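A.B. asks: So that we are looking at the same thing, I have put the structure below in structure tokens.
Readers should treat all values here as calculations from the given coordinates under stated rules, not as data from a laboratory. Since this is a predicted model, take the numbers as computed values, not measurements. Neighbour counts run over all protein chains shown; Cβ positions are idealised from the backbone, glycine included.
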């Protein structure tokens, strides 16, 4: 039976009902209609459903919605400031870090999670952070390039 | 080649990028409609069985279930892209594990899944055949006794009822060529199923509206061909079916088949409500349309000096239980198998064979990664046997510009040697081989080797249409029937408009068409889009430009031939320029132009690829580590270098997966690798440093501005380059993909002491 829960999603308190077995991914997509978070394998292998849960990048298909009760969740819809893209989003566009765009929200959330913890990562740290995100289009090189450029842009902004 | 373009040739970023990085871009499974039901199919657990009975009564009684359909409830029409051999739901017989036998539409997916568990099917198992070579034996069960009645089948006589198609190509007489040889080599190679691995599974929404018209949203890159297949299956005329545009989350050849489209229609028709069907990834790996496995025997005759006298390839492609996902009537798989080598006698015999396994479809360069693996590995085995360096052996035999290809074509401006030389140079092929210090320190017995492989592939052809409009505010809108698979052509097409009309590419609005809006489009794939879609858009842009120039001549008395389009302005020397919008406004409405481009494949033009892998192999464990990978690609004008490089990086990555990791493993017809944990695709940890060198061909290609093709070219030579590098490193000849540590170790142990 569906039970009530409350999650702060992209800064907004959302109260809704979900089955006890409902994943955070399904809750985001089906209950809150936030379809930017993608369902690829639904088994924790592809990373397309990655969101930030209390600041940590997690595969939302492996998190029960109710276990995220009273938590903070950030999805890809919560990054841009009105029309202005988040630096990670902008870098993915500028550096060709996306093609079909289906794995992209997950990759971007992994990258944002990394940069929140480690604003100045090495290339190796970037590669490690996206090790759980499958992308079948890009071959990953331009993704790494994009994340490193985003880190640089965010650093420059802090200094300015 | 001239490079006096404004936008063409610039590495501009994706105009559609912002939508894709914010979650705004919609894919099929993201759509919601009032009253939307969830559809799901029950699948066969047996590879070959007779359906004795189906009892769906308990499922029908479950609250929330709106329809349950079996093969009894829908017409028996067989469907397919060309060969129509696939029942929409199995009625009497199932022929592979995962075949659909019943379908449910319910209020939500949980109820639908529960309902499937309540359906009782009584099966009687039948003898099955899993190996395509065995399927051609006299004792093999005949999988399609009614094959001769199927629509769309190949006309040529079959050697065995399980051989759904065969084709032979070649020149000369191979028996004569072998008689001239000093040595004859024969080797057999095997390749596995490869799943396309798009992250977005197949998805479809069908809605039968009040007038009985079908509205469909589906991640299909060939919507016009799908519309025809739907019509043949469900009996609605094509003009009663509308396939709506939607983003596609990766294709790689796999998103051209119908999957659940017919079933979704029947469920919507039965319930009067829209139905969404999304395959989960277990279903994807079990029952989608992966690349054909192949068993390939190559016989090659050579002179002592390394000159090839004849080559005979016998290629057996395992099609699985149905041929319905194959778009050609005959077969084209393996057509380039013989390699780009000079010879007077060649023969390719290619077969497509039924087995009780997942039906196969197209994946990036269908047929070519299989045959290139066999062909290019054998080249190295022969070279080494003759004591020649594999590079020198290839140089000795490679077709030169102006010579006849081994299938009798006369490739114009053939770039084989310069491209091969570029790859060898860029890769440092001839430099000393050093084991990297981190590997040397880890205690294994690592050896470094380098391997080369080459291939060539056509520029695709087909038909496309485009329309461009300019309104009184200067807004330029491009209409295209091409659906965005992600390869970057929505930006490349905008660049073509930008180039011709002098407006910024990212201010060109792009509107994808539904199937109602255009006559026909061949769809995305087959190294076609830059050429065919590009020429359609180019033609439409030239048509608009001509209308605007005529308008300016008419209004302002400018010489029509001197009108230029630049920075959103229209100008002529010595006159005050006007904005594009102001000029269009004077027409009294929109200025529109459209163009339909039809083309046949030009067999005398090809794109050449040469790749070099550098690997380290641990003799103790058989582990292979790719240290560096170099691609040299023959190109014409590169319209967008960023997207072009993206195709090379992605193609090489899929080739690396094919070489080292990917295999749908079977046990008696049951695929056991049903998750990404078991079906291993490359992650970032698997990607070595990649180098690319582009070799400019003077003639260019048939795409606008002289572009060639890149989507399929970079994948086929990757696996043999790696296999040849392993052979170079430790002398182990691995003739079966993927090249796992176990297979390397086995090959090492089977070496003569």
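A.B. asks: Using the 10 angstrom Cβ neighbour count as an exposure proxy, how do B:251, A:42, B:131 rank, fewest first?
C.D. replies: Lowest count first: B:131, A:42, B:251.
A.B. asks: Rounded to the nearest 500, what is chain A's calculated 222 nm mean residue ellipticity when only DSSP H runs of at least 4 contribute -39500 (n - 2.57) each, over all residues?
C.D. replies: Helix contribution divided over all residues of chain A: -9500 deg cm²/dmol.
A.B. asks: Calculate the translational D of segment B:538-651 in whole µm² s⁻¹ from Stokes-Einstein, where the hydrodynamic radius comes from the Kirkwood formula applied to all Cα pairs, the temperature is 20 °C and the viscosity 1.002 mPa s.
C.D. replies: 111 µm²/s
A.B. asks: Once you keep just the Cα pairs under 8 angstrom separated by 6 or more residues, what percentage relative contact order results for segment B:570-710?
C.D. replies: 26 percent
A.B. asks: Further question: For a footprinting-style exposure proxy, rank A:16, A:92 by other Cβ within 10 Å, fewest first.
C.D. replies: Ascending Cβ contact count within 10 Å gives the list A:16, A:92.
A.B. asks: Distance from the Cα centre of segment B:472-517 to that of segment B:591-613, in angstrom?
C.D. replies: 19 Å
A.B. asks: So what is the calculated 222 nm ellipticity per residue for chain B, using -39500 (n - 2.57) for each DSSP H run with n of 4 or more, over all residues, to the nearest 500 deg cm²/dmol?
C.D. replies: Helix contribution divided over all residues of chain B: -7500 deg cm²/dmol.
A.B. asks: Just to be sure I follow: if Rg is taken over the C-alpha atoms of segment B:224-374 and Rh is the Kirkwood radius over the same atoms, what is Rg/Rh?
C.D. replies: Rg/Rh: 1.11.
A.B. asks: Still on this structure, please answer the following. For segment B:636-727, what is Rg from Cα atoms divided by 2.2 N^0.38 Å, rounded to two decimals?
C.D. replies: Working: Rg = 16.7 Å, N = 92, 2.2 N^0.38 = 12.3 Å.
In units of the globular-protein estimate, segment B:636-727 measures up at 1.36.
A.B. asks: While we're on this one: Considering all alpha-carbon pairs of segment B:80-225, what whole percent are spaced by more than 26 angstrom?
C.D. replies: 54 percent
A.B. asks: With both bridge residues required to lie in segment B:461-598, what share of the DSSP beta bridges run antiparallel, to the nearest 5%? All intermediate terms of the calculation are to be shown ahead of the outcome.
C.D. replies: Numbers: 17 of 21 bridges.
Around 80 percent antiparallel, to the nearest 5.
A.B. asks: Which length gain, in nm to one decimal place, applies between residue B:228 and residue B:603 when the Cα-Cα distance is subtracted from 0.36 nm times their residue separation?
C.D. replies: On the way: separation 375, 0.36 × 375 = 135.00 nm, distance 2.80 nm.
Net length gain for the segment: 132.2 nm.
A.B. asks: Averaging the inverse of every distinct alpha carbon separation and then flipping it gives the Kirkwood radius. What is it for the protein assembly as shown, in angstrom units? Could you put the intermediate results ahead of the total?
C.D. replies: Details: mean 1/r = 0.0347 Å⁻¹.
For the protein assembly as shown, the Kirkwood estimate is 28.8 Å.
A.B. asks: OK, next. Using the Cα atoms of chain A to build a convex hull, what is its mean projected area in square nanometres?
C.D. replies: Answer in nm², one decimal: 9.1.
A.B. asks: Can I ask one more? Using only the alpha carbons, work out the radius of gyration and Dmax of chain B in angstrom.
C.D. replies: Rg then Dmax for chain B, in Å: 27.2, 88.
A.B. asks: Next up: Regarding segment B:475-530, what are the three Cα extents along the principal axes, ordered largest first, in Å?
C.D. replies: The Cα atoms of segment B:475-530 stretch 29, 25, 17 Å along their principal axes.
A.B. asks: Given N residues in segment A:87-159, what is its alpha carbon radius of gyration divided by 2.2 N^0.38 Å?
C.D. replies: My calculation over the Cα atoms of segment A:87-159 gives 0.98.
A.B. asks: In a Debye calculation with equal point scatterers on the alpha-carbon sites of segment A:3-78 and no solvent, what is log10 I(q)/I(0) at q = 0.11, 0.21, 0.24 Å⁻¹?
C.D. replies: -0.21, -0.82, -1.10
A.B. asks: Please give the Cα centre distance for segment A:1-74 versus segment B:367-391, rounded to the nearest Å.
C.D. replies: Cα centroid of segment A:1-74 versus Cα centroid of segment B:367-391: 51 Å apart.
A.B. asks: I would also like to ask the following. For Cα pairs less than 8 Å apart in space and 6+ apart in sequence, what is the mean separation divided by the residue count of chain B, i.e. the relative contact order in percent?
C.D. replies: 16 percent
A.B. asks: Right, something else. Using Cα centres only, tell me the gap between segment B:695-753 and segment A:99-160 in whole Å.
C.D. replies: Centre-to-centre (Cα) distance: 30 Å.
A.B. asks: By how many degrees, 0 to 90 and rounded to 10, does the Cα axis of helix A:141-159 deviate from the longest principal axis of chain A?
C.D. replies: Result, in degrees: 90.
A.B. asks: Sticking with this structure for a sec: Could you give P(r) for segment B:461-598, binned at 5 Å from zero, as whole percent values over all Cα-Cα pairs?
C.D. replies: In order of increasing distance, the bins hold 2, 11, 21, 23, 17, 12, 8, 4, 2, 0 percent.
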